[in-house]
Amino acid sequence: MNEHATRVLDAYLDVDKLAVPHAVLIEGSWGSGKTFFLQKIYEPDRIRRIQAEERNHVPFLFVSLFGVSSASEVEMRIYKTACPAEAVAGTIAGTIALGIGEFLRVKDATKSAVEKIGKKAIKRLNDFVFVFDDLERVEKEAFGEVMGLVNSLIAEHGRKVILVTDETKLTKLIDTGIWKDQNEKIVGRRATIEADLASVIENSIKGQPGGAAKLLIGEHRDALLEIAQASKVKNLRNLSWAMHNAFAFADCLLADGDISKHHDHVAKTVDIVVATTLWMRAGLLSSEALGRLPGLSMTLAARSIGRNKEEPMAPQLQQAKDFSDTFASLPIDAPPIDYAFIQGFEQSGVLDREELNAWIKSQFGFGKEYKEPSWRRLWQSHERSIAETEQAIEDLKEELARRAYARYGEILQAAGLVIRQADAGDHSLVGNVDIVEFFQGYIDDVVGEDRLEQRQLDRFSTNFDSFGSLGFYSRETDEFQRILKYLVSKSQAAADENLQSRTEDILARAEAGDHDALFAFIRQDDYEFSTKPVLAKIPPERLVAFMAKDVPELNAGIKLLAYRYHYVGRNSPLFPEIEWARNVCTAVFAEIEKWPDPHNAMAIKSIQELIRHYDQDKEPEDMLLPPEEMKT
């Protein structure tokens, strides 16, 4: 690929003396791989060819013009790139004033200039073909001056220059007439770079250290190329990231002895990771659309026969369908990995190997101690034998009877499958009783045993479509929505009780001498403590007794009050605590008045000054101490 660009560059670089001085323009859309082509493909290949012909190669000097605002800045970047040692040593001082003519030709440089930057450094600047990248990123006001420098390099100094740009973006930055003039004057030949997907994949594989992941992905390169081509994503940076992510997941899975036996599963995971990363980075697949992918075929099938089949699809569902249609050969709606792992890694760059591998083994029954969950086997009954499906029904019936599931997703997944089976005429999973009543009783039992998942369900979307990469087939039904509503209410109550218990524990630790424990109510790293008015349920006299005990306790308590309510206004979720906090302050003042002189006066002044500082610029009704109290 890009043979035309190779021929243009060879013709330009192989001529000892140009008949007409000019530069070559390498053009292509952003992310198409222009710089990648020059650095990773063309120049290394040219070096091999020239060495075979026993000729000398003039190396490329890549200089980014991103954000340059003057020709002098370009000169400085040339020098820093070509002579990094001298630049680090500080000998670069004063070179901007030399001018391009002086520091490119040793014979014209003054003695003082040579002493400043060194003879070797100056000579080194004559040993390159200049490659000016990101021409479209030059500051608009400096464009004419920078192009004048390029022209000087070509016309006056006989240098060979390659300009690299996205010409479409360049013409939006620069007046068309100005660019036309510069183009005619400076650019003699041009070549357009097309996205070379195969080279990116090949170089990504070559750049990896040896190992199982490199071997597997190397053998799988053709399939990955087909995925990249099907994606219609031309930005090679996105493909490089997709390959990076694929290697991260392959390394993780292949390092586990139980999973590494299932090469087909790892290969499918790599496929899904590459396709998903490409579309996420291209902005074609939102997190909401990712949530619609598991079970998508069932969702679309149900929609096709439902009352809403003529209505336009929701944007996230349309995105999910487009993704599935584009990668029709991949197991999009029953993937080998939860999409949440891919999204999490893409956002953070952190992959929890232990968590990922445990999830894979528990979901697919890899390893001696793991068995594929009954709901997965039942969900995929269209791919299984009748005997396997019958066994999955019996297993799920037994698991529901003994209340095996305590996590929200597991309970809802089971509910969805029970509703689906009932639609097909099979009511045996819940003993032929009402489905909603069965699951309300199930949830009550799990709550009574204190086993319900301890996190607030309202922190996640109640419209999510999957758990463990499986779809909630019956999400839109009235039964499912009633079960979900009941689960939300019960989980909220359990979470509130747990949160209040944690609040009591923190106060008890502070009362026992761990004053820093109170910072749990101030730090933003605990979502619930920083957004829930948990202290309003604590009797004010309890905190007052703690704060009035001695100066260290008073100091810890007053910092809690000042810091916690610093940014709290009427629209804050913590605003309901303001009146409680004022009552604490008032009572604390009364208790401190009983302290011996002068400790009482000193303590009251210290409190007032700290709170006054954090109350400034607040409306009176938002203050811990109203203005009249500040004057006392």
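Table for the structure above
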quantity	calculated
Which numbered condition N583 misses (of (1) in a helix (DSSP H, G or I); (2) under 30 Å from D496 (Cβ atoms); (3) touching a Cys at 6+ places or on another chain (Cβ under 8 Å); (4) not acidic (D, E))	(3)
Test: N571 is surrounded by 15 or more Cβ atoms within 10 Å (Cβ to Cβ), out of contact with any Lys or Arg (no Cβ under 7 Å at 6 or more places or on another chain) and farther than 23 Å from D516 by Cα	no
Among the residues listed as W359, W379, the single one being in contact with a strand residue (DSSP E or B) (Cβ under 8 Å, 6 or more places away or on another chain) and under 22 Å from H265 (Cβ atoms)	W379
Subset of the range 559-568 (residues that are outside any helix (DSSP H, G or I) and open to solvent by less than 60 Å² (accessible area, probe 1.4 Å))	Y565, H566, V568
Every pair of residues 6+ apart whose Cβ atoms lie under 8 Å, when the first sits in the range 71-82 and is part of a helix (DSSP H, G or I) while the second is of a type in the set (S, T, N, Q)	E75/T95; M76/T95; R77/S64; Y79/T95
The range 345-372, subset within 30 Å of the chain's Cα centre (by Cα) and in a loop (DSSP other than H, G, I, E, B), residue surrounded by the most Cβ atoms within 10 Å (Cβ to Cβ)	F366
So A255, is it open to solvent by 40 Å² or more (accessible area, probe 1.4 Å), over 16 Å from A195 (Cβ atoms) and out of contact with any strand residue (DSSP E or B) (no Cβ under 6 Å at 6 or more places or on another chain)	yes
Given (1) open to solvent by less than 60 Å² (accessible area, probe 1.4 Å); (2) outside any loop (DSSP other than H, G, I, E, B), index of the condition G513 fails	(2)
Single condition V266 does not satisfy, out of (1) at pLDDT 90 or above; (2) assigned to a loop (DSSP other than H, G, I, E, B); (3) not hydroxyl-bearing (S, T, Y)	(2)
Breaking point among (1) at pLDDT below 90; (2) assigned to a helix (DSSP H, G or I); (3) farther than 23 Å from F480 by Cβ, for Q316	(3)
Selection status of A603, at pLDDT 90 or above, in contact with a His (Cβ under 6 Å, 6 or more places away or on another chain) and either over 12 Å from L624 (Cβ atoms) or open to solvent by less than 70 Å² (accessible area, probe 1.4 Å) (or both)	no
Subset of the range 404-428 [over 28 Å from A495 (Cβ atoms) and assigned to a helix (DSSP H, G or I)]	R420, Q421, A422, D423, S428
The range 26-51 - residue that is of a type in the set (S, T, N, Q) and touching a residue at least 60 places away in the same chain (Cβ under 8 Å) and, of those, most open to solvent (accessible area, probe 1.4 Å)	S29
Residue within the range 597-613 that is in contact with a helix residue (DSSP H, G or I) (Cβ under 6 Å, 6 or more places away or on another chain) and not in a helix (DSSP H, G or I) present	no
Any chance D395 is closer than 13 Å to W375 by Cβ and either under 39 Å from the mean Cα position of the chain (by Cα) or modelled with pLDDT of 90 or more (or both)	yes
Unmet requirement for Q380, which otherwise passes all of (1) in contact with a Leu (Cβ under 6 Å, 6 or more places away or on another chain); (2) in contact (Cβ under 8 Å) with a residue 24 or more places away in the chain; (3) within 28 Å of G257 (Cβ to Cβ)	(1)
Any chance F60 is aromatic (F, W, Y), modelled with pLDDT of 90 or more and open to solvent by less than 50 Å² (accessible area, probe 1.4 Å)	yes
Among residues of the range 520-545, those that are part of a loop (DSSP other than H, G, I, E, B) and either at pLDDT below 85 or in contact with a His (Cβ under 7 Å, 6 or more places away or on another chain) (or both), counted	6
Given (1) surrounded by fewer than 20 Cβ atoms within 10 Å (Cβ to Cβ); (2) in contact (Cβ under 8 Å) with a residue 24 or more places away in the chain; (3) more than 23 Å from the chain's Cα centre (by Cα), number of the condition S286 does not satisfy	(3)
Tally, over the range 520-544, of residues that are open to solvent by 60 Å² or more (accessible area, probe 1.4 Å) and in contact (Cβ under 8 Å) with a residue 12 or more places away in the chain	4
The listed residue being among the aliphatic types (A, V, I, L, M), touching a His at 6+ places or on another chain (Cβ under 9 Å) and either over 21 Å from I611 (Cβ atoms) or open to solvent by less than 60 Å² (accessible area, probe 1.4 Å) (or both), out of A548, A556	A556
Single condition K234 does not satisfy, out of (1) over 20 Å from the mean Cα position of the chain (by Cα); (2) in a helix (DSSP H, G or I); (3) surrounded by fewer than 22 Cβ atoms within 10 Å (Cβ to Cβ)	(2)
Condition check for Q391: in contact (Cβ under 8 Å) with a residue 24 or more places away in the chain and surrounded by fewer than 17 Cβ atoms within 10 Å (Cβ to Cβ)	no
Residue under evaluation Q454, criteria (1) modelled with pLDDT of 80 or more; (2) over 18 Å from W375 (Cβ atoms); (3) out of contact with any Phe, Trp or Tyr (no Cβ under 8 Å at 6 or more places or on another chain), criterion not met	(1)
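The values are calculated or read from the model by the stated rules, or taken from the named source; none is laboratory data. Predicted model only: the values in this text are computed from it and were never measured. As a convention, Cβ positions derive from the backbone with ideal geometry for all residues, glycine included, and neighbour counts pool all protein chains shown. Surface areas here come from the heavy atoms of the whole protein model, side chains and all, with no ligands, DNA or RNA. Shrake-Rupley method; radii C 1.70, N 1.55, O 1.52, S 1.80 Å.
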